[in-house]
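Okay, structure first, notes after.
Read-outs throughout are calculated quantities, based only on the coordinates presented, and are distinct from any laboratory measurement. Since we're looking at a predicted model, the values are computed, not measured. As a convention, Cβ positions derive from the backbone with ideal geometry for all residues, glycine included, and neighbour counts pool all protein chains shown.
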Amino acid sequence: MTTPALDPQDAHLATIRESAKAVEERFGKIPDTLVVAGSGLGAFAERMTKTTAASYDDLKNFPQSTVVGHAGKLIVGEAGGRRIVLMSGRKHVYEGVDVRLTVLPLRALIAAGVKTVILSNAAGALNRTFQPGDLMLINDHINMQFRNPLMGPNLDELGPRFPDMCTPYNSELLELARDTARREGIRLHEGVYLALTGPTYETPAEVQMFRGIADAVGMSTVPENTAAVHAGARVLGISAITNSHVLKTGVVTTHEEVMDIGRHVSDEFCRLVEGIIARL
């Protein structure tokens, strides 16, 4: 007798549950705080203590990133005096996968107990006051990837069909980040993050258009934010400004440059995130 196929909603929920179970079997109880480290920001893992790590390849359904600078490891350990879980690397839509796959690890971790998510990324500056090496607190975003991980049958077990997005980045966490930056003497800009699919960097005409609506531009974060908000998690977002689209013209932007600046700003990024975690 043939077993009836699961409908798309049940099948995707089953995949998330499988991944959550694999994480719990590998690490035990999962901490309630998740940090996602973007390009060039993997050094955060080196500052963690009492760590246990697993490759995404060893965790059921976790997609491995093909991008240099994304280690593709899940790490549980201590940072800022608290136990956290770190995603060192992420899958991007420009790698040719369904947007739902890019958020599957995050959804699995929320199913396993995560309640607070700190997202980070490398981004290009659209705001003329930003320079490479700066940090930007994301207070809102614009989705120009034209992909949404909530499309298709709603996962009612995770969240509502039409989640409200009037505060995609938690107001209490935003204030905590501002105050932590002041205490640590870290220069922290604030602004709107615009997400594109990539993998190409922006044309001059695109930069001219985007400058009127956003402060920084990148290729990630928004799908994860959407999935986390849908599931009821608190979200904070931080961009490391790794290149400027407005302070220089006619200069080629490369991934190597993005990685180099990311490593340069990683100390301040790590201090900021550790300070935030310590005060959660």
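Summary table
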{"item": "Extension gain from A43 to F146, taking 0.36 nm per residue of separation minus the Cα-Cα distance", "result": "34.0 nm"}
{"item": "Unit charges at the beta carbon, dipole of the range 87-204: most positive-side option, L101, L188, T129", "result": "L101"}
{"item": "Helical segments meeting 18 Å axial Cα length and Kyte-Doolittle 0.0 threshold in the chain (DSSP H)", "result": "255-278"}
{"item": "Lysine pair number, Cα distance threshold 25 Å (strictly under), the chain, separation 8 or more or different chains", "result": "20"}
{"item": "Ranked M144, M209, criterion: other C-beta atoms within 10 Å, fewest first", "result": "M209, M144"}
{"item": "Over the chain: Rg over Rh, Cα atoms, Kirkwood Rh", "result": "0.96"}
{"item": "Ranking of I213, I241 by count of other Cβ atoms within 10 Å, fewest first", "result": "I213, I241"}
{"item": "Fewest-first sequence of D98, D140, D164 by Cβ atoms within 10 Å of each Cβ", "result": "D164, D98, D140"}
